[in-house]
Every structure is written in C-alpha cells, then in structure tokens.
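Asks: For reference, the structure I am asking about is given below.
The values are calculated or read from the model by the stated rules, or taken from the named source; none is laboratory data. Remember, it's a predicted structure, so these values are computed and weren't measured experimentally. Cβ coordinates were reconstructed from backbone atoms using ideal geometry, including for glycine residues, and neighbour counts include every protein chain displayed.
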Amino acid sequence: MSRLKPPAWFVLLLPAIIILAAVVLIPLLLSLYSSFTPYRLTRPDSLYRWIGFANYEKALTSIHFWTAFGRTVLLLTIALNLEMLMGLGLALLVNKVTWGQRTLRTIMMFPMMFSPILVGFQFKFIFNDNVGLVNNALQSLGLTDQAIPWLVDGKLAFFSILVAEMWSATSVFAILILAGLFAVPRDPIEAATVDGCTPWQTFRHITLPFIMPFIYIALAIRSLDVARAYDIVQIMTNGGPARRTELLWTLIGRTGYVDARMGYANAMGYISIFLAIFFTVYFFRKLNAARGELGMAS
Amino acid sequence: MAQVQLRSVVKKYGSLEVVHGIDLDIADNEFVVLVGPSGCGKSTTLRMIAGLEAISGGEIAIGERVVNDLPPRHRNISMVFQNYALYPHMTVRENLGFSLKIANRPQSEIDRAVEEAANILSLSDYMDRKPGALSGGQRQRVAMGRAIVRHPEVFLFDEPLSNLDAKLRTQMRTEIKKLHQKVQSTIVYVTHDQVEAMTLADRIVIMRDGHIEQVGTPLEVFENPVNTFVATFIGSPPMNLLPATITNGEVAIENGPSVALPSAFEGKVREGQAVILGFRADNLMPRGHSLPMEGQHAAFDMKVNLSEPLGTETLLFSSLAGREVQAKMLNPRPVSPGETLPFQLDLTRCHLFDAASEASLR
Amino acid sequence: MNENLKHRIKARILKALHLVALFIAMAIICVPGLWIVLNSFRPTVEIMAKPPVWIPSELNLDNYRAMFGAVGEGGVPVVQYFTNSLIISVTSTVIAILVGMAGGYAFARYRFKGKAGIFIGLMLTRAVPGVSLSLPLFIVMAKTGLIDTHVGLILVYVALNVPFTIWLIDGFFRQVPIELAEAAEIDGCTRWQAFWKVEFPVARAGIASAGIFAFLTSWNEYALASQLTRSTFSKTMPVGLRDFTSEFTINWGGMCALAVLMIIPALILTFIVQKHLIAGLTFGGVKG
C-alpha cells in the first residue's frame with residue numbers, strides 16, 4: 001500500500017507557511033472581522049456586534065482619513081522618486097571613483113544601520129527649533145535670526161519628514177544601483193562611445209536599461225518596507241501638530257491605541273495594507289518587464 | 001583620407017609602462033594587423049587609437065587631425081569587439097541603426113544604411129531578433145554590420161574572431177577580407193593568431209612587451225624575420241632554432257653536425273661567433289619526400305620520434321643535437337616511431353641570428 | 001591642437017565637479033550620525049546652550065556613566081534593554097534562518113506549480129505595515145498571554161524576517177551549481193548529507209549575511225515592539241529610547257548615548273557582511 005507522501009518542497013516550505021499564518025494571516029483575518037464591528041478595547045463585548053461596512057463608510061467619508069491618505073501617497077511618491085534619483089546619482093558618483101571605493105561604499109551604507117526610530121529622534125533633534133543643528137547653523141551663519149519652526153509649520157514639517165526619510169533610505173537605492181552598475185558589461189558601453197554617443201547618451205541608451213532591473217529591485221525592496229516611515233514620523237511629529245503631518249499610519253495608530261477604537265482602526269489598516277501591496281506588486285511587475293527587456297527572464 | 005599615425009605613443013598605468021613609445025604609419029585604405037602574444041600591448045594600442053584609453057605620451061593622428069584628447073565620438077571610427085558588445089535590449093535592426101540614430105540622421109537614411117549593411121552581411125532574416133536569440137557567427141556579423149553602417153574613416157577590430165569555433169573563424173576571416181575590398185577603408189585589426197594576421201593583412205605589425213618588433217607585408221615577415229621572436233611567432237609550425245657556432249667558415253650546430261654557411265650570410269658573420277640557426281619545417285624534408293633542392297643544401301640522418309599525418313604531408317618530430325626539430329614529409333608514407341631517415345636541409349632558406357641579441361644577421 | 005586642449009580642460013573641470021559633488025554627498029550622509037556621537041559626549045547644558053556652542057569645551061563620559069549606572073535623569077534600565085534586545089534578536093534570527101533555509105532551498109531547487117505566486121505571497125506578508133499588523137496582533141497576543149514576553153516578540157520577528165530571508169537564501173543557493181550536489185550524491189551521499197556537506201558550506205557566507213540582515217531588522221524594529229512590550233522585562237532598546245522623553249523635555253545627551261550603544265553592533269555586523277548582502281539581494285532579484 002502506498003501512503004501519499006507530501007512533496008519535498010511543501011515540507012520545506014511548511015515552517016515558513018505556518019509561522020506566517022500564525023503571526024500575519026490569522027491576525028489579519030481577525031482584523032478583517034473586527035473591521036466589521038465597532039470593537040473598542042475597553043468594551044470586549046463590542047467585538048460580537050456586526051455593523052457591516054459602517055467603519056469603511058466612516059473612513060471613506062472622513063476628511064481626516066482622506067487628507068492622511070492623500071498625504072501618505074504624496075509622501076511615498078515624492079520620497080520613492082527622489083530617493084531613487086538621488087540613489088542613482090550617488091551610485092554614479094561612487095562608481096566613477098577609481099581610488100578608495102570600498103571606503104566610500106562603506107560610508108554609503110551608514111544610514112542603513114540606523115533604526116528608523118533613531119532616524120526619527122535624530123532629525124527631531126536636528127530640526128529642533130531651539131537647539132537643533134539646522135537652526136543653530138542658520139543662525140550662526142547669520143542667514144536668519146529667527147527660530148524656524150521646522151516641525152511645527154505643516155509644510156516645513158512635511159519637508160523635514162521627507163528629508164529624514166530620504167536620509168535613511170537613499171543609501172539602500174545607492175547600494176543596489178551601484179551593484180547594478182558593477183554588473184553592467186563594459187563592452188556595450190565602449191561600443192556606444194565608439195558609435196558616437198556622448199556620455200549622457202551612453203547612460204540613457206545603454207547603462208540605464210542595464211540597471212533598470214536593479215532600480216526596480218530597490219523599489220520593490222523599499223516598498224516592502226515602506227511603512228518604516230511610520231517610526232520616523234511618529235517620533236518627529238506623531239502626525240501633529242493638529243494633524244498637519246498626519247499620515248495613514250499615524251492616524252491608524254492613534255485611533256487604535258489612543259482612542260481604543262480597534263474596529264475603525266482596523267478598517268483603515270486594511271486600506272493601508274492594500275496601498276502597500278499595490279506599490280509592491282507594481283514594482284515586482286516592472287522588475288519582470290525590465291528583466292524581459294534584457295533577455296534575463298527565467 | 002584616413003591614414004593613422006602613431007608617434008612615440010606611450011601608455012602607463014600608474015608607474016607601470018605597458019606601451020613604450022611606438023611609432024607606426026598606417027596608410028589610407030590599408031589593412032594593418034597588430035599581432036603578438038597576450039600582454040604585448042596590441043589591444044591597448046588599438047584602444048588608444050579608439051580613444052577608449054587615454055594616451056600617456058606621444059601623439060595619435062587620424063587623417064590630418066591629432067586626436068590625443070578627443071573622445072571616441074569625435075574620431076570618426078568604428079570598432080568590432082571581441083565579445084561583440086551587442087546591445088542586448090535592442091533588436092538587430094536597432095543595434096545596426098543605433099549610431100546613426102544617435103547622430104540624429106533622418107529615419108529614411110538610417111533604414112537605407114541598415115538595409116545595405118544587412119545585405120552585405122546577409123543578416124536580413126534576423127533583423128527583428130534580439131542578440132540573445134542569435135548564434136555566435138550571427139552575433140559576429142551584427143557586430144561587423146554595426147561598424148560598417150556609419151562609413152567611418154577607420155575600422156578597428158579587437159580580436160573579433162577569437163570566440164568562434166575553428167570552422168566559423170575561417171569562414172568569417174574570408175568575409176572580413178571581402179568586406180575590406182567592398183567598403184574600402186582603413187582597418188586596424190588586432191589578433192593573437194598569426195594565421196589570421198598572415199591571411200588578412202596588407203601589413204603585419206608584430207608586437208612584444210609594448211614594443212614593435214617588426215612591420216612588414218605577410219611575406220616579408222615570414223621570409224625575413226628580424227629576430228628569433230618574429231621567426232617563431234610567424235608561421236606554423238614555428239621555426240626550428242638551434243644554437244651553433246661559426247667554425248672554419250661553417251655553421252657548427254652545438255653537439256651536432258656542421259653545415260655549410262648559407263651564401264646569403266657570407267661576410268656577415270665572423271669566425272667563432274655564437275649564432276642561432278633557424279629553419280622552417282618546410283625546408284627540412286626526408287630525401288625522396290621533398291621538393292627538389294637545387295641550391296645549397298645539407299644532408300644528415302635523424303631519428304623520427306613522432307609523426308602527425310596531415311593528409312598531403314606529414315609532420316615529423318625528430319631530434320637533432322639533442323633538441324626537437326620539426327620536419328615535413330611530402331607524398332607521405334607511414335613512418336614508425338624510432339625510424340631513422342635521411343634528411344635534407346635547404347640552406348638557401350635558412351636564417352642566422354646572433355645568439356646574444358637574437359637579431360637577424362642578414 | 002586647440003580642439004584637444006578644449007577637451008582636456010573640459011575633462012579637468014568635470015573631474016573637479018565630480019569630487020566636489022562626492023564630498024558634499026558623503027558629508028550629508030555622515031554629519032547627522034557624527035553629530036549624535038559628538039553629543040553623546042557633551043553635557044546637556046552645552047547641547048542646549050543658546051547661542052550654540054560649536055567647539056565643545058569638554059567631552060566626557062557622563063552620559064554613558066549615567067546610562068549604565070542607572071542614576072541621573074530617569075534612571076533608564078539600559079542594561080536590561082540591551083539584554084532584551086540581544087536575546088530577542090539573536091533567537092529570532094536563528095529561527096528565521098532555519099525556516100528561511102528550508103524555504104529558500106525549496107525555491108532554489110524544486111520546481112512546482114504556483115512557485116511565483118507563493119513567492120510573491122510570502123513577500124507580501126512583509127508588505128503589511130507594522131502599525132496595521134500591530135492592532136490585531138495586540139489582541140491575539142493579549143488573549144494568548146504572549147504580550148510583554150520575549151517569546152511573543154521573538155515569534156513576531158521570525159515572521160517579519162522569514163520572507164526576506166527566503167528571498168536572500170534562495171538567491172545564494174541558486175549560485176551554488178546544482179552539479180555540486182549531484183556529484184556529492186553520486187559519490188555516495190544522501191540528499192541530506194549532500195546538502196549539509198556540500199551545498200550549505202558553499203552558501204554559508206551568504207546565509208550568514210542573510211542572518212545579519214534579519215538580526216538588524218529585529219534589532220532596529222520599533223512599530224511592533226512599542227505595542228507588544230510594556231515593561232522593563234521585555235522592552236527593547238528602540239522602545240527604550242522613548243524613556244528619555246518626558247511630557248515636555250527630551251534628555252538629548254542620554255538619548256544620544258543609548259543611540260551610540262544601538263548603532264555600534266549594527267555598524268560592526270553590517271561592515272562584515274556588506275559584500276555578501278549586496279550580492280544576495282541583487283542575484284535573487286535579477287536572475288528571477
């Protein structure tokens with residue numbers, strides 16, 4: 001008699017699937033369920049009252065939600081694009097160096113080692129209107145005699161958050177794109193220069209298509225981890241003052257933990273999950289397309 | 001007019017000098033092959049002409065123009081690379097038309113030039129494929145096509161055939177030769193394969209350790225090598241070299257027989273001079289299996305250690321004066337190892353080199 | 001010669017610009033971190049001074065002494081936090097690597113239906129924002145009594161790290177030619193032996209770097225830890241940083257000292273593995 005043996009790959013993947021199911025999937029199902037209830041931490045019985053899509057309706061009609069949502073998308077779009085461009089620039093700068101490149105690469109990885117919360121504190125400190133590095137420097141240089149309220153004014157705070165986020169993540173792009181630049185074969189580049197390309201044309205027509213997959217890997221990796229920005233924002237402004245830098249994540253955190261309205265927070269949480277998944281899937285698809293372009297597809 | 005001139009061109013990497021001030025004049029429409037063992041500086045020289053490597057000293061001129069500091073795009077050249085260097089993300093058509101597109105030529109002109117190149121190299125069937133879907137020979141042809149669409153003043157080839165298998169290499173060699181006759185322009189071609197150099201070149205430049213050893217037509221360098229290096233590098237199998245001394249007006253091979261001094265060298269050697277006697281396998285043949293030797297020649301017996309039948313001839317490996325020499329046998333018959341045969345050496349085609357300087361004494 | 005001269009001058013200018021740009025970029029990267037380190041050696045009075053003190057009059061270890069001696073403002077139990085962080089990060093990393101090795105091997109060596117789908121699915125679990133996940137996790141952990149325990153946070157970090165570990169290790173195993181394992185099997189190894197004696201040693205450096213990546217993620221994680229830990233017994237250092245803040249003031253000096261304590265292990269580990277880390281990320285991604 002033959003017993004059906006599960007295939008080896010399944011056995012090997014099983015621990016991963018179990019742990020992810022237990023820690024991610026089941027809580028997510030719970031949160032999906034609770035998003036259809038008016039669940040409050042302080043009133044456990046409220047978990048069993050079904051209210052349908054009321055939480056979602058509430059979120060989707062809330063001006064607070066939409067401003068936070070819009071601001072989150074805006075921050076992500078600006079941050080990811082700028083990080084990508086600056087990472088590319090940085091990688092190109094380092095790639096051109098002929099001496100001490102190892103040292104430069106090591107320095108480049110510096111911000112990657114900083115915990116996002118540390119980045120938050122660090123830039124909260126740097127942008128502090130009273131004792132911060134930026135204001136101190138501006139004042140000592142005589143550029144202004146006022147204490148610029150970097151973290152209080154809505155626009156300036158958004159800018160400060162953007163700077164902190166970019167400082168912490170640009171090096172991820174730079175490192176990955178630099179790896180891409182190393183992998184570009186030298187021949188086609190030389191062929192292009194002989195074919196009459198200016199340095200810019202060589203970059204545009206040869207180098208860029210070659211490093212495109214690496215750019216998308218970086219974008220995919222970053223978008224997997226994009227909610228790291230929550231740590232930074234929570235420390236720097238926590239969405240405040242007066243919701244002027246509210247992002248989806250800080251709104252969720254406050255609604256859930258401070259207001260204890262878990263059901264409502266979970267409903268918004270689901271929307272944030274779909275946002276993250278959207279970005280990730282989008283970049284994975286781009287990655288595959290770029291790979292196909294170079295004939296690297298599996 | 002696109003002659004290429006190199007004057008005292010030097011290349012240094014840091015303190016390491018790899019090309020030591022070479023001078024070379026390449027005429028318009030000439031096919032010049034730079035040949036030498038790996039590391040001799042031939043590729044570096046080519047890349048300096050292309051502008052891919054900066055020159056550390058001297059002067060390079062293309063046409064009438066000094067191009068020392070000009071980037072490649074201002075030199076009006078094109079280049080075929082060893083690994084083809086095709087753009088993997090472009091189709092064959094796009095690869096061929098790329099340089100013209102970059103130069104902002106009208107689309108109709110690009111199409112015409114691409115079509116023409118495709119016809120010359122019979123690429124028309126693969127125009128919409130990407131390089132990844134082509135065979136080695138096809139890629140090679142695309143690389144050449146890419147070079148010719150621009151009608152440059154100078155073509156540079158950097159070991160273009162070294163990645164092909166033997167049969168394809170012979171075939172492509174012929175195509176390159178035909179191409180030169182068709183497109184009429186100056187070609188500088190780098191290879192380490194002396195057969196390629198002999199068959200393709202109008203003139204061969206033999207390089208070693210960053211120096212030019214000899215420049216000449218294929219026959220010149222074959223017939224009159226200036227030193228033992230060129231003598232062994234050009235021609236297959238390599239020239240046999242035996243140390244000898246001029247004794248009593250004869251060439252006394254070390255630990256071996258003496259042969260008469262070839263008449264071409266009379267008065268050019270002195271008594272007691274240490275020399276090297278050089279001769280090719282084609283001029284050392286067993287009696288009865290050789291070309292008629294009407295001029296001055298020597299005769300001696302040698303034991304055959306190994307024979308390699310090649311069909312019309314057999315290559316014989318024998319020992320003379322304790323050294324291995326290679327000989328040829330025409331109208332071959334089977335030879336068993338250890339068999340002793342009477343050999344004839346055609347002295348009119350022998351070379352003498354000075355033992356110390358290794359330079360030809362002719 | 002004029003044309004040549006023009007190009008030579010242009011090349012010189014570009015080179016100078018390149019160096020200037022490089023210097024500015026590196027300065028921007030380094031200054032914030034160096035400022036933290038500098039401030040960890042300065043007394044709070046000097047940090048808060050107005051007008052600012054640019055050249056420190058004295059550097060001392062007061063902040064570090066206060067931190068480890070649990071005296072001074074707040075008395076933050078730094079040693080306890082450090083131990084918590086270490087236990088949680090190391091344990092979760094070891095488990096994540098074992099789970100990730102099994103998973104990565106499955107992706108690298110077996111062909112099965114829906115492979116790409118399963119892979120993306122695993123990755124997407126990583127895309128769930130920490131704060132969105134922390135709400136339901138908080139409820140589940142509270143119900144199962146795992147809240148505020150090492151075990152609870154370890155489990156969470158394993159789950160957090162497994163997707164990425166699989167991605168990296170998959171890449172490393174695919175760099176090991178399959179012929180190697182096949183040769184070992186022909187030489188008489190079982191598949192199990194072939195793995196441990198041949199494939200694992202070859203991929204070991206890469207696996208180690210995946211481990212360090214996982215360690216750093218756990219070491220630095222804040223969003224989940226801040227909700228799932230409550231007391232000194234399980235708080236990690238990133239959460240502990242908040243102990244230096246009170247309603248209206250922040251003890252910057254003390255915080256900088258703790259920050260330095262957090263960065264140093266991360267710094268050392270990252271430098272050790274940087275090469276493998278980059279290779280792993282890009283190989284897995286590019287070769288599909």
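Asks: Would you be able to tell me the number of residues in the range A:267-298 that are within 27 Å of A:F158 (Cβ to Cβ), touching a helix residue (DSSP H, G or I) at 6+ places or on another chain (Cβ under 6 Å) and facing chain C (nearest Cβ under 9 Å)?
Replies: 8
Asks: Follow-up. Looking at (1) under 28 Å from B:V226 (Cβ atoms); (2) part of a loop (DSSP other than H, G, I, E, B), can you tell me which one B:G311 breaks?
Replies: So B:G311 meets the others, but not (1).
Asks: Shifting gears a bit: With respect to B:I246, determine if the residue is assigned to a strand (DSSP E or B) and in contact (Cβ under 8 Å) with a residue 40 or more places away in the chain.
Replies: Spelling it out, it is not the case that B:I246 is assigned to a strand (DSSP E or B) and in contact (Cβ under 8 Å) with a residue 40 or more places away in the chain.
Asks: To continue, here is another question. Looking at (1) part of a loop (DSSP other than H, G, I, E, B); (2) more than 11 Å from chain C (Cβ to nearest Cβ); (3) surrounded by fewer than 24 Cβ atoms within 10 Å (Cβ to Cβ), can you tell me which one A:A260 breaks?
Replies: (2)
Asks: When the range A:174-214 is examined, which residues are found to be within 32 Å of the chain's Cα centre (by Cα), crowded, with 18+ Cβ neighbours inside 10 Å, of a type in the set (A, V, I, L, M) and within 11 Å of chain B (Cβ to nearest Cβ)?
Replies: A:I206, A:M212 - these are the residues of the range A:174-214 that are within 32 Å of the chain's Cα centre (by Cα), crowded, with 18+ Cβ neighbours inside 10 Å, of a type in the set (A, V, I, L, M) and within 11 Å of chain B (Cβ to nearest Cβ).
Asks: So, B:G256, is that one in a loop (DSSP other than H, G, I, E, B) and within 30 Å of B:F157 (Cβ to Cβ) or not? Don't jump to the end; show me each part of the working.
Replies: Details: in a loop (DSSP other than H, G, I, E, B): yes; within 30 Å of B:F157 (Cβ to Cβ): no.
No; evaluated as a whole, the condition is false for this residue.
Asks: Across the range A:53-103, what is the total count of residues that are under 27 Å from A:F283 (Cα atoms) and of a type outside the set (K, R)?
Replies: First, pick out the residues of the range A:53-103 that are under 27 Å from A:F283 (Cα atoms): A:60, A:65-95.
Subset that is of a type outside the set (K, R): A:60, A:65-70, A:72-95.
Qualifying residue count for the region: 31.
Asks: In the range B:221-243, which residue that is part of a helix (DSSP H, G or I) and touching an Asp or Glu at 6+ places or on another chain (Cβ under 7 Å) is nearest to B:L347 (Cα to Cα)?
Replies: Top of the filtered list is B:T228.
Asks: B:A298 - would you say it is surrounded by fewer than 18 Cβ atoms within 10 Å (Cβ to Cβ), touching a helix residue (DSSP H, G or I) at 6+ places or on another chain (Cβ under 9 Å) and not assigned by TED's automatic domain parsing to the domain that holds B:I176?
Replies: no
Asks: Can you tell me which residue is farthest from C:S246 (Cα to Cα) among those in the range C:63-84 that are at pLDDT 75 or above and in contact with a Lys or Arg (Cβ under 9 Å, 6 or more places away or on another chain)?
Replies: Within the range C:63-84, the match that is farthest from C:S246 (Cα to Cα) is C:N84.
Asks: Let me ask something else about it. Within the range A:125-147, take every residue that is buried (at least 18 other Cβ atoms within 10 Å of the Cβ) and more than 8 Å from chain C (Cβ to nearest Cβ) and give me the one that is farthest from the chain's Cα centre (by Cα).
Replies: The qualifying residue farthest from the chain's Cα centre (by Cα) is A:N135.
Asks: Can C:S218 be described as farther than 14 Å from C:L86 by Cα and among the polar types (S, T, N, Q)?
Replies: No: the conditions fail for C:S218.
Asks: Working only within the range C:93-115, note down all residues that are more than 9 Å from chain A (Cβ to nearest Cβ), part of a helix (DSSP H, G or I) and surrounded by fewer than 17 Cβ atoms within 10 Å (Cβ to Cβ).
Replies: Matches in the range C:93-115: C:V94 only.
Asks: Report yes if C:A127 is more than 9 Å from chain A (Cβ to nearest Cβ) and hydrophobic (A, V, I, L, M, F, W, C), otherwise no. Walk me through it before giving the result.
Replies: Details: more than 9 Å from chain A (Cβ to nearest Cβ): no; hydrophobic (A, V, I, L, M, F, W, C): yes.
No.
Asks: Suppose we filter A:L219, A:L251, A:L224, A:L247 for residues that are facing another protein chain (nearest Cβ under 9 Å), surrounded by 20 or more Cβ atoms within 10 Å (Cβ to Cβ) and closer than 22 Å to A:P116 by Cβ; which single one remains? I'd like the intermediate steps shown before the answer.
Replies: Working: A:L219 fails: facing another protein chain (nearest Cβ under 9 Å); A:L251 fails: facing another protein chain (nearest Cβ under 9 Å); A:L247 fails: facing another protein chain (nearest Cβ under 9 Å).
Residue meeting the stated conditions: A:L224.
Asks: Considering only the range C:17-72, state which residues are outside any helix (DSSP H, G or I) and of a type in the set (S, T, N, Q).
Replies: Taking the range C:17-72 first, the residues outside any helix (DSSP H, G or I) are C:41-43, C:48-61, C:70-72.
Those that are outside any helix (DSSP H, G or I) and of a type in the set (S, T, N, Q): C:S57, C:N60.
Asks: Any idea which of C:G130, C:G188, C:G152, C:G145 is exposed (fewer than 15 other Cβ atoms within 10 Å of the Cβ) and farther than 24 Å from C:V202 by Cα? Even if it seems obvious, please write down each step before you answer.
Replies: Working: C:G130 fails: exposed (fewer than 15 other Cβ atoms within 10 Å of the Cβ); C:G188 fails: farther than 24 Å from C:V202 by Cα; C:G152 fails: exposed (fewer than 15 other Cβ atoms within 10 Å of the Cβ).
Unique residue meeting the criteria: C:G145.
Asks: Look through B:V114, B:V67, B:V33 and report the one residue that is on the phi < 0 side of the Ramachandran plot, touching a Phe, Trp or Tyr at 6+ places or on another chain (Cβ under 6 Å), in contact (Cβ under 8 Å) with a residue 12 or more places away in the chain and not basic (K, R).
Replies: Answer to the selection: B:V33.
Asks: Within the range B:61-72, can you find the residues that are within 11 Å of chain C (Cβ to nearest Cβ) and either crowded, with 23+ Cβ neighbours inside 10 Å or under 17 Å from B:R150 (Cβ atoms) (or both)?
Replies: B:V67, B:L70, B:P71
Asks: Return the residues of the range B:200-219 that are assigned to a helix (DSSP H, G or I) and either touching a helix residue (DSSP H, G or I) at 6+ places or on another chain (Cβ under 7 Å) or touching a residue at least 12 places away in the same chain (Cβ under 8 Å) (or both); say none if nothing qualifies.
Replies: Correct list: B:L200, B:P218.
Asks: Okay, moving on. Of the conditions (1) touching a residue at least 60 places away in the same chain (Cβ under 8 Å); (2) surrounded by fewer than 21 Cβ atoms within 10 Å (Cβ to Cβ), B:G57 fails just one. Which one is it?
Replies: (1)
Asks: Here is a check on your reading of the model: is B:L161 touching a Lys or Arg at 6+ places or on another chain (Cβ under 9 Å), crowded, with 17+ Cβ neighbours inside 10 Å and within 14 Å of another protein chain (Cβ to nearest Cβ)?
Replies: No; evaluated as a whole, the condition is false for this residue.
Asks: In this structure, is C:F23 at pLDDT 75 or above and of a type in the set (F, W, Y)?
Replies: yes
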